[in-house]
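Report on one structure; see the data block that follows.
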Amino acid sequence: MHFGIFTVGDVTPDPTNGTEPTEAERIKAMVTLALKAEEVGLDVFATGEHHNPPFVPSSPTTMLGYIAARTKTLLLSTSTTLITTNDPVKIAEDYAMLQHLADGRVDLMLGRGNTGPVYPWFGQDIRNGIPLAIENYALLHKLWREDIVDWKGKFRTPLQSFTSTPRPLDGVPPFVWHGSIRSPEIAEQAAYYGDGFFANNIFWPREHFVALINLYRERYAHYGHGTPEQAIVGLGGQVFMRKNSQDAVREFRPYFDNAPVYGHGPSLEEFTAETPLTVGSPQEVIDKTLTFAESFGHYQRQLFLMDHAGLPLKVVLEQMDLLGEQVVPVLRKEFAKNRPADVPDAPTHAQLVNTQLTNAK
Amino acid sequence: MEPLKLVVISAGLSQPSSTRLLADRLTSATRRHLDQSVEVRIVELRELASDIAHNMVTSFPSAALRDTIEATLAADGIIAVTPVFNASYSGLFKSFFDVLFFDTADETLLAGKPVLISATGGTARHSLALEHAIRPLFSYLHAMVVPTAVFAAPEDWGEGDAQTQGLARRIARAAGEFAELLKGKPVHERTKETVVPFAQQLAALRDEKQN
């Protein structure tokens, strides 16, 4: 199972003192967190992609390429790559390039994005959101698997005898996750291709995601990729920890109360009761995260949101120490128990290369 | 036979509230017109006010609000009563119907559902808010709105005057029309969200291209 962090890359003032990092500081902080992720024994770092303030990460492969050069084992991913407004040809090329530079330590999570105004900035129309996600991915999938592509679609200029370069490393495309909060169509798309499905469950109640993930699992089996239990599922999580639960709550409350996504709404207590957010001791985080497998079945990837709402870098680094030292080792052990042998592990490049060799024989 | 499920939504703010009083009278009048068993669920939006506001901020309902939303969507009929504020429904009333669709963009979830609309106000001059604001809201949602909408001004709670022809009569007429709709053909069943198979989604794009 993969454990890691995902970041939105927001520049948010610290509500306790008004300090706001510069774009440069925030970008460097994201890199620092990625390096820290490897240092504390996490498996994955994923960055968001945004094209509007207050967010900084507009160019994920630039950032991930830099991180690749400074890490050895960390798997680099996205949360999410916009399949709607990016040209699939450029995605095919950028991530194949990154794959070579990072020796295969790359996968990506595709999403539609949720900001309507972004679409016209890239020549698209939000009313085509789902059709764009479907057609663009169909092309991306082909570009990574066929050396010479003839293609005609609705949303971009046709291709004739086109070869996207570089070709995927070892002829194996990066593994793809499809991220979604609410669209059954995306669960269906992930199932159709036998790709991973990442349910970003951090802001919503459990029942909603049980339905969405079950749909993905059933359709994964329907399309013949394996049993429902073998489908590749990723989940989000959001935590703030201190040794003593009360200290965590006291320290995190002003960040919660003013957080851009859910601030000025329900209380911290109400929100933790309804969603995966855990504010408390490392043991409480362990307990809550272990319930995910009960609700959603055995899964392959757990990403935590750690840096947001204006939390200072120093505090986030302390959080990552706790995550790496006290939480993830226990979760690895506990999740491994009772895990049926035929539930696949989280996909890696090496494993995909192996599968390809086996299939070729 | 399953009891008929009625959800009664009252957006009254004070306690006791004339809006709730009107809702109760409409409910009992409706019962009198039906000879089958009726299961009534009264929803005081006042008690859900902060849940509704939180839903606006977080995009998901609390457990209590979710339960109310599910009951509303599953009801055979709805009685909806709001005070008139600034020539329209109250913000709380509108907000409830705004968050009703948190899980879907489908604004036809109330399609075909009988809805009895009613309002209270500080003066009879507010009465047409029912026709100009509240009826269009439910028409937009494809509900079957009862032709008679009931407005109660302060004087209605007494004897009425030359212009007001008796609140009791209007309640009886509206309840009768509502009951007829409830007794009529079965309410449009909510279709369970079904997924369009992926191959079909891909094919749809191709077909569009050829046209």
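Just one residue in the set A:287, A:321 is acidic (Asp, Glu) and either touching a Gly at 6+ places or on another chain (Cβ under 9 Å) or farther than 30 Å from residue A:55 by Cα (or both); that residue is A:287. Given the structure, is residue B:31 assigned to a helix (DSSP H, G or I) and either among the β-branched types (Val, Ile, Thr) or in contact (Cβ under 8 Å) with a residue 24 or more places away in the chain (or both)? No; evaluated as a whole, the condition is false for this residue.
Looking at the stretch A:138-230, the strands (runs of 3 or more DSSP E) lying wholly inside it that each contain 1 or more residues that are farther than 26 Å from residue A:289 by Cβ and either within 13 Å of another protein chain (Cβ to nearest Cβ) or open to solvent by less than 30 Å² (accessible area, probe 1.4 Å) (or both) sit at A:149-151, A:159-162. Taking the criterion of being in contact with a Phe, Trp or Tyr (Cβ under 7 Å, 6 or more places away or on another chain), touching a residue at least 60 places away in the same chain (Cβ under 8 Å) and closer than 19 Å to residue A:156 by Cβ, the only residue of the stretch A:109-139 that qualifies is A:110.
To keep it simple, each residue is scored yes or no on (1) at positive phi; (2) modelled with pLDDT of 95 or more.
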residue	(1), (2)
A:310	yes, yes
A:318	no, yes
A:327	no, yes
A:333	no, yes
A:346	no, no
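The single condition among (1) out of contact with any Gly (no Cβ under 9 Å at 6 or more places or on another chain); (2) within 14 Å of chain B (Cβ to nearest Cβ); (3) in contact (Cβ under 8 Å) with a residue 24 or more places away in the chain; (4) open to solvent by 60 Å² or more (accessible area, probe 1.4 Å) that residue A:336 does not meet is (2). When the residues of the stretch B:1-28 are filtered to those that are open to solvent by 40 Å² or more (accessible area, probe 1.4 Å) and part of a loop (DSSP other than H, G, I, E, B), the one that is farthest from residue B:100 (Cα to Cα) is B:1. Is it the case, given these coordinates, that residue A:32 is among the β-branched types (Val, Ile, Thr), over 17 Å from residue A:96 (Cα atoms) and not in a loop (DSSP other than H, G, I, E, B)? Considered against the rule, which asks whether it is among the β-branched types (Val, Ile, Thr), over 17 Å from residue A:96 (Cα atoms) and not in a loop (DSSP other than H, G, I, E, B), residue A:32 comes out as yes.
Here is a yes/no grid of residues against (1) touching a Pro at 6+ places or on another chain (Cβ under 6 Å); (2) open to solvent by less than 10 Å² (accessible area, probe 1.4 Å):
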{"site": "A:259", "(1), (2)": "no, yes"}
{"site": "A:281", "(1), (2)": "no, no"}
{"site": "A:301", "(1), (2)": "no, yes"}
{"site": "A:322", "(1), (2)": "yes, no"}
{"site": "A:360", "(1), (2)": "no, no"}
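One residue stands out in the stretch A:231-250 among those that are touching a residue at least 12 places away in the same chain (Cβ under 8 Å) and part of a helix (DSSP H, G or I): the one that is nearest to residue A:313 (Cα to Cα), namely A:248.
The values are calculated or read from the model by the stated rules, or taken from the named source; none is laboratory data. Fair warning: this is a prediction, and the values are worked out from it, not measured in the lab. Cβ sites come from the backbone with ideal geometry, for glycine too, and all protein chains shown count toward neighbours. Only protein heavy atoms, including side chains, enter the accessible area calculation; ligands, DNA and RNA are left aside. Shrake-Rupley method; radii C 1.70, N 1.55, O 1.52, S 1.80 Å.
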